[in-house]
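Inspection log for the structure reproduced underneath, given as structure tokens.
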Amino acid sequence: MFLQLNHQKLEVYKATREFVKAAYQLTKLLPNEEKFNLISQVGRAALSVHLNLAEGSSRKSISERKRFFEISRSSVVEVDTALEVIYDLHYCTMEDMEILGVHLLHSFKLLTLLINKS
């Protein structure tokens, strides 16, 4: 935010930022009893996507960068899996999850391209 680094201009960075916002918006729909379970887990995993992308971007070695990008993408998979549980428990409808789903797919695609390019 204050550093104005090059990775902040990348499409993948902007995509994961939107992904985090959409994930946090969705968790507002979950029941309060999930505060320390699904709400917390989805929030942490979504934030991990964005933070690991940023941290990986600052690494000098290609292998280190790639490792952080892979961790970032794995966190996308973690959120996707949590969404299955949320849906199965009838906490949200597919329509409720649609915006997050779009951001999830876009982030996953861009992270995969970034990993394959590294």
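Tabulated data for the structure shown
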read-out	value
Qualifying residue in the stretch 77-98 (condition: closer than 25 Å to Phe2 by Cα and small (Gly, Ala, Ser))	no
Scan of the stretch 32-71 for residues that are farther than 14 Å from Tyr13 by Cα, of a type in the set (Gly, Ala, Ser) and more than 10 Å from the chain's Cα centre (by Cα), ordered by number	Ser40, Ser61, Ser63
Scan of the stretch 10-25 for residues that are modelled with pLDDT of 95 or more and either in contact with a Cys (Cβ under 8 Å, 6 or more places away or on another chain) or aliphatic (A, V, I, L, M) (or both), ordered by number	Val12, Ala15, Val20, Ala22, Ala23
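The values are calculated or read from the model by the stated rules, or taken from the named source; none is laboratory data. Given the structure is predicted, the values throughout are model-derived calculations rather than measurements. A quick note on method: Cβ atoms are made from the backbone with ideal geometry, for glycine too, and the neighbour counts reach across all protein chains shown.
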